[in-house]
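Only one structure is covered here, and it is reproduced in the block below.
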Amino acid sequence: MNKVTRIEGRAVPVEGNDIDTDRIIPARYLKEITFTNMGKYPFYDERFDAEGKPKGHPFDLPPYQGASILFVNQNFGCGSSREHAPQSLLRWGIRAIIGESFAEIFAGNCTMLGIPTATVGQAEMQRLQGLAKENPGTPFVVDLEKKALLSGGKEHLKFEIHESKRNALVNGTWDSTGLLLANAGKTAEVARKLPYVNGFQPQG
Amino acid sequence: MAKGTLYNKVWDAHVVDQLPTGQTQLFIGLHLIHEVTSPQAFDMVAEKGLKVAYPNRTFATVDHIVPTKSQARPFQDHEAEQMMGAIEKNVKKFGIPFFDFKSGNQGIVHIIGPEMGLTQPGMTIACGDSHTSTHGAFGTLAFGIGTTQVRDVLATQCLGLDALKVRRVNVNGKLKPGVTAKDVTLTIIQKLGVKGGIGYAYEYGGSVFDAMTMEERMTVCNMAIEGGARAGYVNPDQTTFDYLKGRKYAPTADKWDKAVAYWKSVASDKDAVYDDVVDFNGGDIEPVVTWGITPDQSVGVNDRLPEIGRFPADEVKTVELAYRHMDLKPGAPIKGTPIDVAFIGSCTNGRLSDLREAAKVARGRKVAKTVRAFVVPGSQQVKAAAEKEGLDRIFTEAGFEWRAAGCSMCLAMNPDKLSGREISASSSNRNFIGRQGSKDGRTMLMSPAMVAAAAIEGKVADVRELMK
Ligand code: SF4
């Protein structure tokens with residue numbers, strides 16, 4: 001599987017704490033039984049008015065078209081476990097998210113899709129969002145090996161990323177089915193020992 | 001590092017292996033699935049040429065998209081019908097038990113698990129829905145997961161997970177009359193914040209929890225996720241065992257004693273060590289109403305809305321957005337805020353005891369003319385039991401609509417929606433912008449009895465004044 005070690009590109013800032021997954025993707029788009037169209041919907045209700053005209057959300061501004069890194073604030077992705085949220089960001093073009101903090105289910109879902117969720121301090125995020133607003137053309141590199149965000153070729157800023165998530169991404173094991181399946185024998189063994197799986201029978 | 005807690009014991013008993021990523025591979029004892037987050041997962045399993053590893057540990061129902069007025073097939077909503085068709089096809093193909101309309105056991109996934117006795121102490125549970133934390137009320141470790149993880153559980157009955165810290169949340173003392181489990185959970189979230197639980201499992205305990213029924217414990221654990229905690233639980237005790245006895249999937253009489261012995265063994269030790277402990281006094285808790293767009297933006301029903309200056313600088317933007325969206329003013333009382341819609345239901349408060357509490361308030365009264373009010377039982381079983389007691393008539397005579405079981409206006413994936421700027425009093429769990437189906441719609445969360453009071457008065461009211 002693909003190793004995710006470096007993501008290069010421009011960054012799009014989406015400001016605000018506690019941006020929940022209902023805001024990232026409204027529930028009505030969860031009725032589709034595939035993820036195929038999800039790229040059309042991220043932040044839909046914040047981007048378009050009742051007539052479907054863009055309201056000037058960063059995802060619609062010309063300088064951010066083609067951006068691959070998302071800058072966010074605290075507790076991004078809180079709320080529902082819907083994977084449609086990271087799917088919609090991924091399919092729009094986001095390959096890495098840097099924020100002040102993330103809701104855990106959301107961050108876990110991102111990892112499963114190969115999207116790193118890295119954290120920096122509040123002051124640093126303000127600076128980064130400011131930079132992306134003033135100079136939307138700034139190229140960034142998210143370097144998961146160095147745990148650093150580079151801009152203009154030089155090291156810019158160290159970030160934190162959960163070690164198990166980083167390992168899964170850089171080693172290309174983020175699509176975990178294979179790893180889990182390799183332990184099918186051990187899984188059966190654990191199941192056999194669990195009293196409730198065993199029908200509360202004495203164990204042999 | 002926590003030691004000797006239920007979390008530690010249940011986790012350790014389910015460890016399959018340490019993964020090279022540093023995560024732990026955990027066996028999942030019970031996998032619950034529903035129509036919205038499973039179709040893509042089944043497709044991924046099929047694409048990889050895999051099977052469902054433990055179909056007998058997997059159970060399915062439909063809840064999110066089901067209409068609550070007419071459930072005649074095909075559904076009028078073409079997409080909902082397609083989704084229904086997908087789960088019907090998948091459970092058949094993979095041999096998974098399915099609680100559909102015909103079964104009499106259909107309902108919100110977190111309501112039917114406990115109701116059928118599937119949810120038992122000491123289990124690990126996963127479901128593609130964040131409110132899976134509900135099942136923690138039975139002393140389980142229950143995780144909400146995304147669709148790709150649903151695929152993993154289907155294919156391997158396992159999840160790769162990072163270890164959590166454990167915070168003991170004590171609520172001691174005694175609740176005042178008219179104060180409910182919903183007020184307890186909203187108060188905990190208000191004090192610890194929506195991000196307070198990140199990295200933690202919450203162990204709820206203390207005399208208030210000891211005295212709670214299972215349904216009340218479920219209401220609290222349900223909203224652990226709204227406080228940012230990945231899981232929440234209450235240690236199993238006699239109340240838990242009494243609830244389970246005789247339920248369809250509960251251990252039968254010949255195995256009962258062994259089961260209870262196991263269940264007792266997983267409870268936290270008296271000298272268990274926690275990563276953090278917080279204490280609440282149950283007697284201080286008031287009926288709570290949310291005024292904002294996150295579940296921690298709440299006040300006691302007789303309080304005034306907080307001034308913006310009271311919030312830390314990094315919260316101000318969210319608070320300003322909340323006031324703008326809700327069209328409420330700092331310093332104003334929350335009591336008396338007019339409502340347009342009253343919704344009683346959801347996995348937080350759609351159980352029989354919730355409907356009873358609301359019916360007590362509704363009995364012999366009338367819903368205000370300006371309010372559209374409805375009650376959506378959490379499951380077919382809840383609905384049948386409520387009708388047997390005549391709760392449906394109490395509600396309909398008061399002017400509430402009485403509906404069929406489902407998630408309904410908790411997330412509005414069915415025809416039950418707010419329209420435009422409507423503002424609702426809701427017994428559900430999320431007041432996020434757009435949550436109830438209109439992007440401009442507004443939600444105030446409160447207990448089911450408080451929703452009933454608001455429906456009658458046409459505005460936010462203190463339910464205790466109607467109980468006099
Ligand atoms: S009732 Fe609401 S929160 Fe609960 S499962 Fe349904 S949609 Fe989710």
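A few points about this structure:
Okay, residues lined up against (1) within 13 Å of chain A (Cβ to nearest Cβ); (2) out of contact with any Cys (no Cβ under 8 Å at 6 or more places or on another chain); (3) more than 30 Å from residue B:8 (Cβ to Cβ); (4) touching a residue at least 12 places away in the same chain (Cβ under 8 Å):
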residue	(1), (2), (3), (4)
B:243	no, yes, no, yes
B:275	no, yes, no, yes
B:296	yes, yes, no, yes
B:305	no, yes, yes, yes
B:320	yes, yes, yes, yes
B:331	no, yes, yes, yes
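- Checking each residue in the range B:405-418 for being over 21 Å from residue B:458 (Cα atoms) and more than 14 Å from the ligand (Cβ to nearest atom) picks out only B:415.
- Filtered by the rule that a residue be within 16 Å of the ligand (Cβ to nearest atom) and farther than 29 Å from residue B:164 by Cβ, the range B:36-70 gives B:62, B:65, B:66, B:67, B:68.
- So residue A:183, is it in contact with a helix residue (DSSP H, G or I) (Cβ under 9 Å, 6 or more places away or on another chain), free of Cβ contacts under 8 Å to residues at least 24 places away in the same chain and either surrounded by fewer than 17 Cβ atoms within 10 Å (Cβ to Cβ) or more than 10 Å from chain B (Cβ to nearest Cβ) (or both): no
- Looking across the range A:38-52, the residues that are modelled with pLDDT under 95 and either open to solvent by 60 Å² or more (accessible area, probe 1.4 Å) or away from chain B (no Cβ under 11 Å) (or both) come down to A:50, A:51, A:52.
- Matching residues in the range B:16-48 - criterion: being within 30 Å of residue B:270 (Cα to Cα) and touching a residue at least 12 places away in the same chain (Cβ under 8 Å): B:16, B:23, B:24, B:25, B:26, B:27, B:28, B:29, B:30
- With a requirement of 1 or more residues that are outside the structural domain of residue B:413 (by TED's automatic domain parsing) and under 18 Å from residue B:123 (Cα atoms), the helices (runs of 4 or more DSSP H) lying completely within the range B:1-94 that satisfy it span B:6-13.
- Scanning the range B:358-375 for any residue that is over 19 Å from residue B:453 (Cα atoms) and among the aliphatic types (A, V, I, L, M) turns up nothing.
- All positions within the range A:62-99 that are part of a loop (DSSP other than H, G, I, E, B) and either of a type in the set (Ser, Thr, Tyr) or more than 9 Å from chain B (Cβ to nearest Cβ) (or both): A:65, A:66, A:67, A:68, A:72, A:77, A:80, A:81, A:93, A:94, A:95
- Subset of the range B:420-437 (residues that are open to solvent by less than 10 Å² (accessible area, probe 1.4 Å) and of a type outside the set (A, V, I, L, M, F, W, C)): B:424, B:426, B:427, B:428, B:429, B:430, B:431, B:436
- Residues located in the range B:113-154, provided they are over 16 Å from residue B:26 (Cβ atoms) and hydrophobic (A, V, I, L, M, F, W, C): B:116, B:118, B:137, B:138
- Some residue of the range B:379-396 being buried (at least 18 other Cβ atoms within 10 Å of the Cβ), in contact with a strand residue (DSSP E or B) (Cβ under 8 Å, 6 or more places away or on another chain), more than 11 Å from chain A (Cβ to nearest Cβ) and part of a loop (DSSP other than H, G, I, E, B): no
The values are calculated or read from the model by the stated rules, or taken from the named source; none is laboratory data. None of the values given here were measured: they were computed from a predicted structure. Every residue, glycine among them, receives a Cβ derived from its backbone with ideal geometry; neighbour counts consider all protein chains shown. Note: areas computed on protein heavy atoms with side chains; ligands, DNA, RNA excluded. Shrake-Rupley method; radii C 1.70, N 1.55, O 1.52, S 1.80 Å.
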